[in-house]
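**Student:** Before anything else, here's the structure in question.
The values are calculated or read from the model by the stated rules, or taken from the named source; none is laboratory data. All of these numbers come straight from a predicted model, not from anything done at the bench. Glycine also receives a Cβ, built like all others from the backbone with ideal geometry; neighbour counts cover every protein chain displayed.
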Amino acid sequence: MIGILFALISSILWGINGIFLRKGLEGEDVVSATFTVIFIVTCLTFFFSLGGVAEVDLPLQKVVMLMLAGIISYFIARVITYFSVTAIGSSRAFSGTSTRIMFSAFFGVFLLHEALNELILSGTILMIIGLYIFSTEKIDKFGIYISVLSGFLYGLASLFIKEGLLGSIFFSVFLASISGLVMLGIFAAFKGKLKLIRNKYLAISATSLAFGNISYYFALSIAPLTIAVPISNLYPLVTTVLSYFFIQKLEFVQLKTFVGSFLAVLGSILISIGK
């Protein structure tokens, strides 16, 4: 029961993250905003990882895997995700990024020789239908495409995380996040956009993202994957509902948006159970 609660909390926090992110990105440079969010997330993650640092072994291969995961997910995929949020809104963008579950499943099937079953195939079909519904809305189609691309990258990163997890989950997350932050900082400096933005919405977004991640890892440590992962994947639907009530002026949420989000979430749940 506690594991289910933590998974639900993570989903709600990730959903809240999308709302404040949409507000925080308004009028801000995406690269600088991404750097600000990841900087805060990394600092908070470091604080929670302190307790287990002394006892962690650091095999080179696992460290490299986590660093690659961090560069992909905290740098490349995160920047792409935030661009998609500015283009199509957080409700649609987060539904697109939820395809990470689908891509993660297929990476497992084709690279790690895990089983492919009816649930994974059914969930994939539902996700595709949900994304197609989004594409029929009067929105920037490119925003949908890049949100799915970020989902692909998050799925790829999960493969590296699975192979690189250390004895301490929190230190594993910190190592990944600091690697992504460093590369993001180099990229931002090259673009002349290396700065921390004083924006309360971005700060709240980063805090909810960090604590959502922490709650998720607690859920994984207590509850079975078949329970924790599907419940945590409710976040796109949470974002869509909150968008409708709180930021309707920033992104127009209609019936199609709810249906597309619901199908994408249902698909991700079926895939999670199938895995």
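**Student:** Looking at (1) free of Cβ contacts under 8 Å to residues at least 40 places away in the same chain; (2) in a helix (DSSP H, G or I), find the lone condition where ARG198 falls short.
**Tutor:** (2)
**Student:** Taking GLN61 as meeting all but one of (1) among the polar types (S, T, N, Q); (2) closer than 22 Å to PHE190 by Cβ; (3) surrounded by fewer than 17 Cβ atoms within 10 Å (Cβ to Cβ), write down the number of the exception.
**Tutor:** All conditions pass for GLN61, except number (2).
**Student:** Check LEU196 against each of (1) surrounded by fewer than 18 Cβ atoms within 10 Å (Cβ to Cβ); (2) more than 30 Å from VAL63 (Cα to Cα); (3) not acidic (Asp, Glu) and name the one condition it does not meet.
**Tutor:** (2)
**Student:** Can you name every residue in the stretch 156-181 that is part of a helix (DSSP H, G or I) and polar (S, T, N, Q)?
**Tutor:** Of everything in the stretch 156-181, those that are part of a helix (DSSP H, G or I) and polar (S, T, N, Q) turn out to be SER158, SER172, SER177, SER179.
**Student:** State which residue is surrounded by the most Cβ atoms within 10 Å (Cβ to Cβ) when the search covers only the stretch 106-142 and only residues that are among the aliphatic types (A, V, I, L, M) and at pLDDT below 80.
**Tutor:** So, considering only residues that are among the aliphatic types (A, V, I, L, M) and at pLDDT below 80, the one surrounded by the most Cβ atoms within 10 Å (Cβ to Cβ) is ILE139.
**Student:** Given the conditions (1) modelled with pLDDT of 90 or more; (2) out of contact with any Asp or Glu (no Cβ under 8 Å at 6 or more places or on another chain); (3) crowded, with 22+ Cβ neighbours inside 10 Å, report the number of the one that ILE12 does not fulfil.
**Tutor:** (3)
**Student:** Do we find that GLY27 is of a type in the set (Gly, Ala, Ser) and free of Cβ contacts under 8 Å to residues at least 24 places away in the same chain in this structure?
**Tutor:** Yes: the conditions hold for GLY27.
**Student:** Okay, next question. Residues PHE218, PHE262, PHE246: which one is within 23 Å of TYR154 (Cβ to Cβ) and surrounded by fewer than 20 Cβ atoms within 10 Å (Cβ to Cβ)?
**Tutor:** Matching residue, one of PHE218, PHE262, PHE246: PHE262.
**Student:** In the stretch 217-260, how many are within 30 Å of SER168 (Cα to Cα) and not in a helix (DSSP H, G or I)?
**Tutor:** Residues meeting the conditions: 4.
**Student:** Is it the case that the stretch 38-46 has a residue that's within 22 Å of TYR201 (Cβ to Cβ) and at pLDDT below 90?
**Tutor:** Checked the stretch 38-46: at least one residue is within 22 Å of TYR201 (Cβ to Cβ) and at pLDDT below 90.
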